[in-house]
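First comes the structure, then the notes that go with it.
The values are calculated or read from the model by the stated rules, or taken from the named source; none is laboratory data. Predicted, not measured: the structure shown is a model, and the values here were computed from it. Quick reminder, even Gly has a Cβ in these numbers, built from the backbone with ideal geometry, and neighbours come from all protein chains shown.
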Amino acid sequence: MLHKVPGVRYAKKAESLGADAVTVVGAEAGGHPGIEPVGTMVMAAAAARTIKIPLLVAGGIGTGEQLVAALAMGADGVAMGTRFLVSEEIWAHRSYKERLVAAGETDTTLLLQSMRNTQRALKTAHVAMIQQLEKEQAGDTQVLLPHIMGTVGRKAYETGDYEKAMLSCGQGVVFADRIEPLAAIVDRIEAEARSAMGRLQGIYQGPA
Ligand SMILES: Cc1cc2nc3c(=O)[nH]c(=O)nc-3n(C[C@H](O)[C@H](O)[C@H](O)COP(=O)(O)O)c2cc1C
């Protein structure tokens, strides 16, 4: 069983209950980074020092250089969500993918903290409206529910009208730089990782 958690203490719990492997997700992640988000740089290193079962890290990872960094920190692998949203195989509307290609690392935001269900999503008009509701009517889940239902997001994926929805998206969207087949994205990440490892090898060996 592979369990995914947004914190080291939850990873320890999963390990103690017999999980075969665990994915630890940092604050940069799209979706749910936990109620007390911790950046992946700290989360990964802290988890690697604590967890003995195979460890994957996630949250903001979208390049081969980051993959190598995660391995260097003691992870056995990484997981990626946001980076693949622009792959051709994803059925979302092309307008949405084009928006993601244009997006930078500051184009996502956290919301739903008032429900203790923190979510990272693309900044949209709909998300700003929900954040306003959270300020004005803190704690009133019933007011929020119609705006965060999955059907709202699904419609936006279909129509491309992303401003009308809350769509999970991580800060690693900055690395989603073109719409292309999934295999091409993976190939590029692998090439980047090999190049990063070569660079590290050069540093380790020093000048010839
Ligand atoms: C569009 C989208 C939908 C997601 N849906 C879920 C989900 O239903 N359940 C879940 O546990 N995580 C979900 N996640 C989170 C991912 O499983 C993963 O933890 C996260 O994408 C990793 O961080 P990254 O987005 O920075 O790569 C989703 C992420 C994205 C981007």
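Brief remarks on what is shown
- Of the residues making up the range 66-91, those that are assigned to a loop (DSSP other than H, G, I, E, B) and more than 8 Å from the ligand (Cβ to nearest atom) are 73, 74, 75, 76, 88, 89, 90, 91.
- For the range 124-151, filtered to residues that are within 16 Å of the ligand (Cβ to nearest atom) and buried (at least 16 other Cβ atoms within 10 Å of the Cβ), the residue that is modelled with the lowest pLDDT is 148.
- Taking the criterion of being among the aliphatic types (A, V, I, L, M), surrounded by 19 or more Cβ atoms within 10 Å (Cβ to Cβ) and in contact with a strand residue (DSSP E or B) (Cβ under 7 Å, 6 or more places away or on another chain), the residues of the range 52-93 that qualify are 55, 56, 57, 58, 61, 67, 70, 75, 78, 80.
- Test: residue in the range 95-113 that is touching a residue at least 60 places away in the same chain (Cβ under 8 Å), part of a helix (DSSP H, G or I), of a type in the set (A, V, I, L, M) and surrounded by 18 or more Cβ atoms within 10 Å (Cβ to Cβ): yes
- Close pairs (9 angstrom Cβ cut-off, 6 or more residues apart or separate chains): closer than 24 Å to residue 55 by Cβ in the range 77-91, within 11 Å of the ligand (Cβ to nearest atom) and among the acidic types (Asp, Glu) anywhere: 82/28
- Test result for residue 80, more than 17 Å from the chain's Cα centre (by Cα) and within 18 Å of residue 28 (Cβ to Cβ): no
- Criterion violated by residue 29 - all others in (1) within 14 Å of the ligand (Cβ to nearest atom); (2) surrounded by fewer than 24 Cβ atoms within 10 Å (Cβ to Cβ); (3) not charged (D, E, K, R) satisfied: (2)
- Residue match in the range 170-189 (condition: surrounded by fewer than 21 Cβ atoms within 10 Å (Cβ to Cβ), within 16 Å of the ligand (Cβ to nearest atom), over 18 Å from the mean Cα position of the chain (by Cα) and within 22 Å of residue 72 (Cβ to Cβ)): yes
- Residue 63 being within 15 Å of the ligand (Cβ to nearest atom) and without any contact (Cβ under 8 Å) to a residue 40 or more places away in the chain: no
- Residue that is nearest to residue 189 (Cα to Cα) [pool: residues in the range 9-26 that are part of a helix (DSSP H, G or I) and within 15 Å of the ligand (Cβ to nearest atom)]: 11
- Only one of 94, 49 that is assigned by TED's automatic domain parsing to the domain that holds residue 109 and either away from the ligand (no atom under 15 Å from the Cβ) or within 18 Å of the chain's Cα centre (by Cα) (or both): 94
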